[in-house]
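For reference, the structure discussed in these notes is given below.
The values are calculated or read from the model by the stated rules, or taken from the named source; none is laboratory data. Here the structure is a predicted model, which is why all the values come from computation and not from measurement. Note: ideal-geometry Cβ built from the backbone for every residue, glycine included; neighbour counts use all protein chains shown. Accessible surface is based on the protein model in full, side chains and every heavy atom, while ligands, DNA and RNA are left aside. Shrake-Rupley method; radii C 1.70, N 1.55, O 1.52, S 1.80 Å.
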Amino acid sequence: MNISSATFQDPLWLLLLLLLPAIAWLRRRRSVSALVVPGAHEWHSPGATSSALWPLVCVYVGIALLVIGLARPQVLVPMDDHQRRGYDFMIAIDLSTSMYAEDFQRGAATVNRLQAVKPIISAFINERPDDRIGIVVFGGRAYTFAPLTFDHEWLRKQSARLSIGLIEDGTAIGDAIGVAMRRLREGRADGQPRQGSFIVLLTDGSSNKGSLDPRQAAGLASDEGVAIYTIGAGAEGLVPTPVFDYAGKRIGTEMRESEIDSLLLRDVADSTGGLFFRATDANAVRDAFARIDEAQKVEFAASPPLISRELFHVFALIGVALLALASYEAHFRSAREQGVT
């Protein structure tokens, strides 16, 4: 390797060369840090009896318990009272783009239909702690958004995530009823809906998509004793609807035609023993859910829901206590041995 003489004419290089001897001298004088690790003699001295090995055993067991505690062990236990009075409910919610229509009021503000009904649905869930409730969403297709559950806190959090545009556009009412029926059947081991099973279907349009005709779906529900409560939400005629660009940014508002097939929704409800509600504002939607809430409850024996209990603190506390006990014994044994010596 060739190094030109100009390199050594640089003052910085000269300074570094002069510092090298000083750095080497300082390194020789620097004390060496050391990590002191307790040896086996801390826990067991030569000639000790087998009974003196218990501190070492405590150490091993304590470390093992801490490792188990870090794995967060849990135990699933059933709730005490599994006799519940209530229903199995599936709520089918329309998420088609027509739900963007801003013909509802929340205080002094104008909101779209979905924004208006979401807090009403959340309150409805909150007021029925003894029901198993699930959610089906539909547009051009129908999907299970949440299966039947007693975990209403989780269900409310899920319902808050509902938004328009999650699925393809359209209104598949028959498919929504079909998916809700399938979920109700799954609620029992024999594959049949439980006595006291119902569907609440909320839509703002007419059925124009799907593979299952709404009236045929209602006939299947009627055969299995499942009542369907239908809610037609929103005004008819020209309603203000926001307009969005390709990036999803709102660029204005225009008046669009809104049409609700009240005859179909009434037929579906009547053929299954349910009720039809026409709701042109948030108060009417709230009243519809209140009417449903007034229905007679039935008692059934449900499988007790399981709740998890954390066991981390038990393993951690015992592990720390064993390590502390072993350390205490080792310290005082060393002190006794030094005193004897």
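How far, in nm, would the chain grow between Arg141 and Asp281 when pulled straight, counting 0.36 nm per residue and subtracting the alpha carbon separation? Show your work: numbers first, answer last.
On the way: separation 140, 0.36 × 140 = 50.40 nm, distance 2.60 nm.
Full extension of this stretch gives 47.8 nm more.
Which far-off residues, 5 or more places away or on another chain, put their amide H under 5 Å from the one on Leu238, with H placed in the peptide plane?
Correct list: Ser258.
Using Cα positions and a limit of under 16 Å, work out the aspartates and glutamates in reach of Lys157, with same-chain residues fewer than 8 apart set aside.
Glu127
Using a simple spin-label model with points 7 Å from Cα along the Cα→Cβ vector, what separation in nm is obtained for His313 and Asp267?
Using points 7 Å along Cα→Cβ, the separation is 6.1 nm.
Rounded to whole Hz and in sequence order, give me ³J(HN,Hα) for segment 165-171 from the Karplus expression 6.51 cos²θ - 1.76 cosθ + 1.60, θ = phi - 60°, writing x for Gly and Pro.
Rounded to whole hertz, the list is x, 5, 9, 4, 6, x, 9.
Before I look further, what does segment 172-292 give for accessible area per residue, probe 1.4 Å, in whole square angstrom? Provide the component values of the computation, followed by the final result.
Values: 5720 Å² over 121 residues.
Roughly 47 Å² per residue, with all protein chains present.
May I ask you to derive the FRET efficiency for Val243 and Leu70 from their Cβ-Cβ distance with R0 = 45 Å, giving the value to the nearest 0.05?
Values: r = 54 Å, r/R0 = 1.20.
Taking R0 as 45 Å, the efficiency between Val243 and Leu70 is 0.25.
Computed FRET efficiency, Cβ-Cβ of Glu153 and Ala321, R0 30 Å: what is it to the nearest 0.05? Could the numbers behind the result be given before it?
Numbers: r = 35 Å, r/R0 = 1.18.
The computed FRET efficiency comes out at 0.25.
Using modelled backbone amide H atoms (1.01 Å from N, in-plane), which distant-in-sequence or interchain residues come within less than 5 Å of Leu212's amide H?
Asp175
Net charge near Pro240, counting Lys/Arg +1 and Asp/Glu -1 over other residues with Cβ under 11 Å of its Cβ? Each step should come with its number before you reach the end.
Working: positive: Arg256; negative: Glu102, Asp103, Glu254.
In short, -2.
Extension gain Asp293-Ser122, at 0.36 nm per residue separation less the Cα-Cα distance, in nm?
On the way: separation 171, 0.36 × 171 = 61.56 nm, distance 1.34 nm.
Taking Asp293 through Ser122 to full extension adds about 60.2 nm, to one decimal.
Add +1 for every Lys or Arg and -1 for every Asp or Glu among the other residues with Cβ under 15 Å from the Cβ of Arg250, and state the total.
Local net charge: -1.
Considering all projection directions equally, how large on average is the shadow of the alpha-carbon convex hull of segment 146-263, in square nanometres? Before the final figure, lay out each step's value.
Details: hull surface 37.1 nm².
Its average projected convex-hull area is 9.3 nm².
Out of all Cα-Cα pairs in segment 114-168, roughly what percent, to the nearest whole number, are more than 15 Å apart? Don't skip to the answer; put the middle values down first.
Numbers: 677 of 1485 pairs.
Here the tail beyond 15 Å accounts for 46 percent of pairs.
Determine ³J(HN,Hα), in whole Hz, for all residues of segment 175-182 in sequence, where each value follows from phi through the Karplus function 6.51 cos²θ - 1.76 cosθ + 1.60 and θ = phi - 60°; x replaces Gly and Pro.
Result, ordered by residue: 5, 4, 5, x, 5, 4, 5, 4 Hz.
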